[in-house]
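The values are calculated or read from the model by the stated rules, or taken from the named source; none is laboratory data. Fair warning: this is a prediction, and the values are worked out from it, not measured in the lab. Cβ placement follows ideal geometry from the backbone for every residue including glycine, while neighbour counts extend to all protein chains displayed.
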Amino acid sequence: MIVSIVSRLIIKVLLKRKKKQLLSKAIVAKNQDELFCKRASTITLVDGSTPNDIIIGNKVWMWGRLNSQSGGKISIGNNTQIGYGCAINAVESVSIGNYVMFGPYVTIDDNNNHPVSPAFRKYMRIMGDVDSSRWKHSAHAPVVVGDNCWIGRNVSIMKGVTIGENCVIAANSVVTKSIPANCIVAGNPAKVVKTNIDTIPAPTSCEGYNEFVKQQTENGTTK
């Protein structure tokens, strides 16, 4: 009993310390109490990146890692969850909307990580200098994930991709091209397997959801 209480207190202190570390490396929405971070979450800023390059919204759940190099921008909208083991890597920009759910081990790269050039890659191995390994030397392009997307386990989202709102990305997919809104995509490379999912009716078996919709309707806030 005593061991259990002590363990919970230690975890609470560690999480408080982790949250303080994250807050020092990002611009967080006004209500900082609504940033829920876990011990695995980290923010890394290198090669000129600053806390101004990371923007985190309200009610964000952080299990993953945000990595910015050379001023790469990362923005995360409200009510979004970055799952365990996720890595978001930016040298240009990664923008994630509101109500987005990331399963575990999702990776977003707005860059190729290294140049394709064989000569440059050989130079990297010969010299081993830190600067040559920076993402700024590789091809890069912005990534955008729209509102209310559901990103499955082990998904990889590559540079230059825009994912429209409400999309579902199946587990283990590799997204190399932009996806229109309201689609389900799957595969490597990912392809659209279903469209117009916004027309699929919601289940009526959840009392909480039914009450939520009723309140929205009464308040005139239903989209």
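Do you know which residues across the range 58-71 are out of contact with any Leu (no Cβ under 9 Å at 6 or more places or on another chain) and outside any strand (DSSP E or B)?
Start the filter on the range 58-71 by keeping residues that are out of contact with any Leu (no Cβ under 9 Å at 6 or more places or on another chain), which leaves 63-65, 70-71.
Trp63, Gly64, Ser70, Gly71 - these are the residues of the range 58-71 that are out of contact with any Leu (no Cβ under 9 Å at 6 or more places or on another chain) and outside any strand (DSSP E or B).
Out of the residues in the range 114-141 that are without any contact (Cβ under 8 Å) to a residue 60 or more places away in the chain and touching a Ser or Thr at 6+ places or on another chain (Cβ under 6 Å), which is nearest to Lys59 (Cα to Cα)? In this case the residue turns out to be His114. Annotation: of all residues in the range 87-128 being aromatic (Phe, Trp, Tyr) and surrounded by fewer than 24 Cβ atoms within 10 Å (Cβ to Cβ), the one that is farthest from Asp47 (Cα to Cα) is Tyr99.
In the set Asn78, Asn89, Asn98, only one residue is at pLDDT 95 or above and part of a loop (DSSP other than H, G, I, E, B); that residue is Asn98. Does the range 37-49 contain any residue that is among the basic types (Lys, Arg) and modelled with pLDDT under 95? Within the range 37-49, one or more residues are among the basic types (Lys, Arg) and modelled with pLDDT under 95.
In the range 58-78, the residues that are touching a residue at least 60 places away in the same chain (Cβ under 8 Å) reach residues that are of a type in the set (S, T, N, Q) and surrounded by fewer than 22 Cβ atoms within 10 Å (Cβ to Cβ) with C-beta atoms within less than 8 angstrom, at least six apart or across chains, in these pairs: Gly72/Ser93; Gly77/Asn98. For the range 120-152, the set of residues classified as closer than 18 Å to Ile96 by Cβ, in contact with a strand residue (DSSP E or B) (Cβ under 9 Å, 6 or more places away or on another chain) and of a type outside the set (A, V, I, L, M) consists of His140, Pro142, Gly146, Asn148, Cys149, Trp150, Gly152, listed by residue number. Within the range 138-146, can one find any residue that is under 21 Å from Asp198 (Cα atoms) and assigned to a strand (DSSP E or B)? Checking the range 138-146: at least one residue is under 21 Å from Asp198 (Cα atoms) and assigned to a strand (DSSP E or B).
Per-residue answers, yes or no, for (1) under 24 Å from Ile96 (Cβ atoms); (2) at pLDDT below 95; (3) not hydroxyl-bearing (Ser, Thr, Tyr):
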| site | (1), (2), (3) |
| --- | --- |
| Met158 | yes, no, yes |
| Thr162 | yes, no, no |
| Cys167 | yes, no, yes |
| Val174 | yes, no, yes |
| Ala190 | yes, no, yes |
| Ile197 | yes, no, yes |
| Ile200 | yes, no, yes |
| Gly208 | no, yes, yes |
| Glu211 | no, yes, yes |
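Here is the figure for the range 77-86: residues that are among the small types (Gly, Ala, Ser) and surrounded by fewer than 18 Cβ atoms within 10 Å (Cβ to Cβ) total 1.
Selection of the range 135-167 for residues being closer than 21 Å to Val46 by Cβ and either touching a Leu at 6+ places or on another chain (Cβ under 9 Å) or crowded, with 18+ Cβ neighbours inside 10 Å (or both) yields Trp135, His137, Ser138, His140, Val143, Lys159.
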